Amino acid sequence: MSDSPVALRDLLLTTTRTLRRRWHDLLQPWGLSPHEYRALDVIGRADDPIRLGVVAKELRIVPRSATEVVDRLESRGLTERLPDPADRRAVCVRLTDEGRRIRAELASARDADAVEMFDRLDAEERARLSDLLHKLVDDRPR
């Protein structure tokens, strides 16, 4: 096993792909894509209905794509559109009761999957991994 920067990069990418595959597989019983879940989560985190443009910005996608994602969620009864009280031309979106229920179920399932994935590490290994990953992503000078 090599600890070269190239080998570490490849191992980290493989780990990330494994997490993504697990997440994709986990979403299957709900019939959602990871992208649809992210939209559900963005909308669900808002205290009030939010504009579609805000959803697009949070997801880092163009507004037209956000509209398509919300259309799919709305067709399943997970979101609903409302007129923006501040601007008649704008549309807001919020979760339905069913959307909130599904979002909560998925959050629990995702957390349980993380526990399963990282349970093979003991507490000290998880702490060390956390420190190392933070060191790689922190922008602060050391």
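The values are calculated or read from the model by the stated rules, or taken from the named source; none is laboratory data. For clarity, every value in this text was computed on a predicted model and none was experimentally measured. Glycine also receives a Cβ, built like all others from the backbone with ideal geometry; neighbour counts cover every protein chain displayed. Areas reflect the complete protein model, heavy atoms only, side chains present, ligands, DNA and RNA absent. Shrake-Rupley method; radii C 1.70, N 1.55, O 1.52, S 1.80 Å.
Quick notes
- Pick from region 44-63, criterion farther than 15 Å from ALA90 by Cβ and part of a helix (DSSP H, G or I), ranking: nearest to the chain's Cα centre (by Cα): LEU59
- Any hit, region 13-20, residues being hydrophobic (A, V, I, L, M, F, W, C) and without any contact (Cβ under 8 Å) to a residue 40 or more places away in the chain: yes
- Put simply, of ASP131, ASP84, ASP97 the only residue that is modelled with pLDDT of 95 or more, on the phi < 0 side of the Ramachandran plot and of a type in the set (Asp, Glu) is ASP97.
- LEU40 vs. criteria outside any helix (DSSP H, G or I) and touching a residue at least 60 places away in the same chain (Cβ under 8 Å): no
- Candidates ALA56, ALA66, ALA114, filtered to the one that is of a type in the set (A, V, I, L, M, F, W, C) and within 19 Å of TRP30 (Cβ to Cβ): ALA114
- Criterion (open to solvent by 90 Å² or more (accessible area, probe 1.4 Å), without any contact (Cβ under 8 Å) to a residue 40 or more places away in the chain and either among the hydroxyl-bearing types (Ser, Thr, Tyr) or under 23 Å from PRO29 (Cα atoms) (or both)) met by exactly one of ARG72, ARG126, ARG100: ARG72
- Candidates ASP131, ASP87 - the one that is within 19 Å of ALA66 (Cβ to Cβ) and loosely packed, with under 11 Cβ neighbours inside 10 Å: ASP87
- Condition met for GLU80 (of a type in the set (Asp, Glu), in a strand (DSSP E or B) and either closer than 23 Å to TRP23 by Cα or open to solvent by less than 80 Å² (accessible area, probe 1.4 Å) (or both)): yes
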